[in-house]
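This report concerns only the one structure given below.
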Amino acid sequence: MSGSRDLARVSVAERDRVTVATICGEVDISNAAEIEEALVALPNLALGLVVDLSGVGYLDSTGVSLLHGLALRLRRRSQRLIIVSPIDSPPRRVLELTGLPIRTPVLEDVGSALAALEHP
Amino acid sequence: MARRLSAVEGIEREPRDRVQMTAAQEAGDPQPADPAAAAIDPAGDAGASPGILLVDDYRENLIALSALLEPLGGRLISADSGEQALRVLLRQEIAVILLDVRMAGLDGLQTARIIRSRPSTRHIPIIFLTAAARDLAEISLAYASGAVDYVIKPFEPDILRAKVSVFLELSRERAERVRQTEARAQAEAVTRTVRTLQVLSDTALTNLELDGLAAELVDRTCTLFGADAAGLLLRTEAATGLQLQASRGVALPLPADGFLDLAEGPLARLAAERRSALLRGGELPVAEPASPARLASLMVVPLLSGVELLGMVLVGSLAEQRFDAGDLELLALAADRMAIALDHSQRFAHGRELVQTLQRSLLPERLPHPPRLELAARYLPSGLAAQVGGDWYDALELDGERTAVMIGDVVGHGVRAATTMSELRNALRAFAIEGHSPSEALHQLDRLVQATLGTGMIATVLFLIVDAGAASVTLARAGHPPPAVRSLDGRVRFLETENTVPLGISDATRPSESSYPLAPGETLLLFTDGLVERRGESISVGLDRLHRALRHAPADVESLCDHVLAQTIGTQATDDDVALLAVQLLPETDGPLELVLPAQAGSVPLARHRLRRWFELNVPTLERELRADLEVAFSEACTNVVRHAYGPRDATFGASVTVASGVVTIEIRDTGRWRPPRGEHGGRGLLLMRQLCDRVDIDRRPDGTTVRMQRDVPASQAVSS
């Protein structure tokens with residue numbers, strides 16, 4: 001049906017030993033499961049995953065839970081998760097309020113995230 | 001070969017090379033029938049592979065297009081100018097042209113004019129590529145007829161591919177008809193086999209879907225040859241092997257899962273080499289798992305479409321001398337017939353997917369959001385044979401106040417109806433942009449149809465302009481059902497107009513135009529006849545059903561569309577496709593936001609969208625950060641209802657938002673009880689609500705829960721518009 005709104009898109013790029021997943025759009029209860037599905041398929045040999053939220057205009061607790069779950073899953077495999085979310089963007093505020101950055105690094109841009117993963 | 005610019009060569013060659021090649025072409029140009037040219041250009045014998053001509057003066061674009069279109073399997077020919085494109089067209093069979101509009105030298109529109117003026121190339125469909133929205137009106141007007149389409153750069157790969165495939169498909173269908181006729185003539189020359197072939201190409205088979213067809217062919221083959229076993233394998237999607245589609249009798253010598261890897265074993269080798277064979281005794285591969293009854297002879301015949309391997313047919317016997325060379329020859333002839341039937345059936349299945357993609361590409365990807373209107377649309381394909389229908393709709397913001405809304409129905413189904421509908425839609429868009437009134441726009445459209453689309457093309461259209469400022473709607477119809485209006489108190493009326501003759505019928509009448517007031521809160525419903533027509537039933541019964549459905553439909557346009565569809569079509573398969581488009585005029589100022597939505601995940605983004613629109617209209621002074629905070633708090637409360645409240649399956653929840661004396665108040669009400677929040681998540685949502693608002697009260701009662709959140713707003717920002 002043409003009435004359904006396409007809320008978000010996820011594109012995944014492999015860069016050397018790091019996977020960068022870019023989410024664009026809005027993340028909420030209506031699409032979190034699909035987005036999670038797109039994010040979990042990470043190659044075993046990868047150092048870690050960068051989730052770029054720069055293009056996300058809306059994210060709520062459902063999205064935060066998704067990221068928490070993802071961080072736990074990766075930690076069990078000794079892989080790292082870095083979130084990219086610019087200061088002053090709406091998702092960044094929600095991440096800060098829910099305390100996500102305490103356990104998972106949240107950086108300004110993809111460049112610094114890649115640098116942090118490759119040279120921990 | 002040196003002069004054929006295929007996609008791969010286009011990528012590898014340097015531009016300098018290209019220039020030399022062009023010069024060489026010119027030297028040999030004068031006679032298109034030049035034998036040297038024919039030898040170099042394999043187009044003559046490659047009739048089954050129609051050419052796709054790509055014309056763009058940027059080499060990068062040609063390479064990108066080639067990569068995009070490669071999977072379609074057509075022959076890709078690149079040209080870096082209009083001039084070169086015209087030369088290619090002199091000597092090559094081309095199925096479709098992709099033509100860049102802005103080029104140095106002859107531009108795309110000039111090139112197209114020349115192509116259209118030559119009898120030998122007039123019929124070739126053209127897809128214009130343009131980055132400039134201002135080219136569109138010109139294209140729509142100049143080429144409103146004939147197979148013409150356009151895509152806007154940067155293009156959606158799927159949509160471009162779908163459009164090109166449609167034109168390729170048309171050209172392949174033509175080639176296919178020729179091939180089928182030849183194959184039939186050859187087979188029928190062999191009189192001994194006539195009966196066998198008739199049994200296997202019985203017209204009754206042509207109506208079967210692939211699975212049924214394969215089973216029926218196997219049954220008939222087994223009976224005709226007096227065999228103890230028969231099986232039919234078809235090539236898999238990935239083309240790495242053949243999969244057993246249907247079998248009968250004793251176990252065939254195939255792996256247990258029926259999958260024959262094309263890289264392994266004697267049967268695979270025969271298939272790969274496209275050879276028929278009669279295997280006896282020890283030559284047969286062993287069946288897995290070993291079966292007590294073991295075949296002693298087996299005929300193996302490939303199923304071919306041209307040189308392409310479609311599959312393989314196996315016919316076996318427990319007796320070693322049951323078959324002879326004559327039987328093998330007969331089976332080979334029969335296989336030709338089977339291949340045609342199977343190929344047709346597969347193409348039909350493939351065509352169905354294709355047309356669905358095409359249909360999506362023809363309807364607007366998203367509807368506009370004019371300041372005072374809320375729009376929602378639905379399209380249901382026909383339940384029969386799932387072809388592309390001719391139903392379409394569109395909406396377009398003309399200026400801050402006025403929005404053009406249109407819906408139409410082209411009589412017929414399939415690629416042609418869909419192409420016509422896209423032409424009508426483009427032309428009507430162009431007329432709307434040019435500022436024609438509904439009556440004038442339809443009159444122009446009718447003239448265009450009469451002049452270019454030829455006889456027998458009938459279409460109905462309803463065109464209206466909603467003026468939010470004047471609170472009115474002006475409309476004209478060409479044979480299309482009138483729109484319905486549902487007022488705030490639930491009354492439903494139909495907006496009639498005079499002189500409504502479908503397009504393509506008569507050139508004398510001009511549809512009359514009528515204006516009606518449209519009050520804020522009222523909802524217009526435009527629809528195609530599939531919504532109200534049912535076989536063996538008077539149309540007035542259908543209109544009554546729509547009347548009732550609309551009267552009791554929810555206020556929200558998205559929910560309204562779903563409700564109307566559920567009450568009129570329900571779950572039954574429809575003979576016709578159905579399109580509907582709801583347009584609601586929003587109240588001009590304040591008043592609280594009031595929503596009632598189904599307690600489903602999909603309602604959350606919808607509710608948030610409505611909140612945004614309400615903020616824009618009612619408190620435009622509210623600063624961005626504050627709005628973002630309230631959006632999150634609001635969505636969290638809605639999410640909680642969807643996640644935790646339980647009630648009847650069709651439960652709804654209510655949301656209201658008000659601004660008064662420096663306070664924004666959000667209330668979310670449900671009719672169920674909350675389960676205690678489980679795990680971290682529930683806590684996180686509530687935590688956010690508390691952090692983002694100044695007060696959060698949760699009132700739990702046996703009959704439902706109300707969450708009330710308030711946020712204080714600086715007086716300067718709490719100004720209603």
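The values are calculated or read from the model by the stated rules, or taken from the named source; none is laboratory data. Note that the structure is predicted; figures quoted are calculated from it, not measured. Positions of Cβ are generated from backbone atoms using ideal geometry, with glycine treated the same way; all protein chains shown enter the neighbour counts.
What to note about this one:
- In segment B:620-641, residue farthest from the other protein chains (Cβ to nearest Cβ) [restricted to those that are among the β-branched types (Val, Ile, Thr) and buried (at least 22 other Cβ atoms within 10 Å of the Cβ)]: B:Val641
- Going through (1) in contact (Cβ under 8 Å) with a residue 12 or more places away in the chain; (2) within 18 Å of B:Ala628 (Cβ to Cβ) one by one, A:Glu108 falls short only on (2).
- Single match in B:Ser512, B:Ser540 (criterion: assigned to a loop (DSSP other than H, G, I, E, B) and over 27 Å from the mean Cα position of the chain (by Cα)): B:Ser512
- If you go through segment B:595-612 and pick out every residue that is more than 8 Å from chain A (Cβ to nearest Cβ) and basic (Lys, Arg), you end up with 2.
- Residues located in segment B:271-282, provided they are out of contact with any Phe, Trp or Tyr (no Cβ under 8 Å at 6 or more places or on another chain) and more than 19 Å from B:Ala238 (Cα to Cα): B:Arg275, B:Ser276, B:Ala277, B:Leu279, B:Arg280, B:Gly281, B:Gly282
- Taking segment B:243-271 as the range and being among the hydrophobic types (A, V, I, L, M, F, W, C), farther than 17 Å from B:Ala332 by Cβ and modelled with pLDDT of 85 or more as the test, the residues that pass are B:Leu244, B:Ala246, B:Val250, B:Ala251, B:Leu252, B:Leu254, B:Phe259, B:Leu260, B:Ala268.
- Residues satisfying the stated conditions in segment A:64-84, i.e. more than 9 Å from every other protein chain (Cβ to nearest Cβ) and either within 9 Å of the chain's Cα centre (by Cα) or β-branched (Val, Ile, Thr) (or both): A:Leu66, A:Leu67, A:Leu70, A:Leu81, A:Ile82, A:Ile83, A:Val84
- Of residues in segment A:88-115 being among the aliphatic types (A, V, I, L, M) and more than 15 Å from the chain's Cα centre (by Cα), the one nearest to the other protein chains (Cβ to nearest Cβ): A:Leu97
- Checked against (1) at pLDDT below 60; (2) touching a Phe, Trp or Tyr at 6+ places or on another chain (Cβ under 8 Å), B:Val194 meets all criteria but (2).
For (1) within 30 Å of B:Leu375 (Cα to Cα); (2) assigned to a helix (DSSP H, G or I), each residue gets a yes or a no:
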site	(1), (2)
A:Glu14	no, no
A:Ser30	yes, no
A:Ala38	no, yes
A:Ala46	no, no
A:His68	no, yes
A:Ala71	no, yes
A:Ala115	no, yes
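- Taking the listed residues B:Glu636, B:Glu631, B:Glu625, the one that is out of contact with any strand residue (DSSP E or B) (no Cβ under 8 Å at 6 or more places or on another chain), within 18 Å of B:Glu594 (Cα to Cα), modelled with pLDDT of 85 or more and assigned to a helix (DSSP H, G or I) is B:Glu636, with no other qualifying.
- Complete set of residues in segment A:58-86 that are among the hydrophobic types (A, V, I, L, M, F, W, C) and closer than 23 Å to B:Arg690 by Cβ: A:Leu59, A:Val64, A:Leu66, A:Leu67
- Search result, residues across segment B:240-263 that are surrounded by 17 or more Cβ atoms within 10 Å (Cβ to Cβ) and in a strand (DSSP E or B): B:Gly241, B:Leu242, B:Leu244, B:Gln245, B:Ala246, B:Ser247, B:Arg248, B:Gly249, B:Leu260
- Residue in segment B:107-123 that is nearest to B:Val166 (Cα to Cα), counting only those that are modelled with pLDDT under 85 and not in a helix (DSSP H, G or I): B:His123
- When B:Gln110, B:Gln84 are checked against the criterion of being crowded, with 22+ Cβ neighbours inside 10 Å and either in contact with a helix residue (DSSP H, G or I) (Cβ under 6 Å, 6 or more places away or on another chain) or not β-branched (Val, Ile, Thr) (or both), B:Gln84 stands alone in meeting it.
- In segment A:9-52, residue farthest from the other protein chains (Cβ to nearest Cβ) [restricted to those that are touching a strand residue (DSSP E or B) at 6+ places or on another chain (Cβ under 8 Å) and among the hydroxyl-bearing types (Ser, Thr, Tyr)]: A:Thr19
- Across segment B:546-591, the number of residues qualifying as more than 29 Å from the chain's Cα centre (by Cα) and in a helix (DSSP H, G or I) comes to 3.
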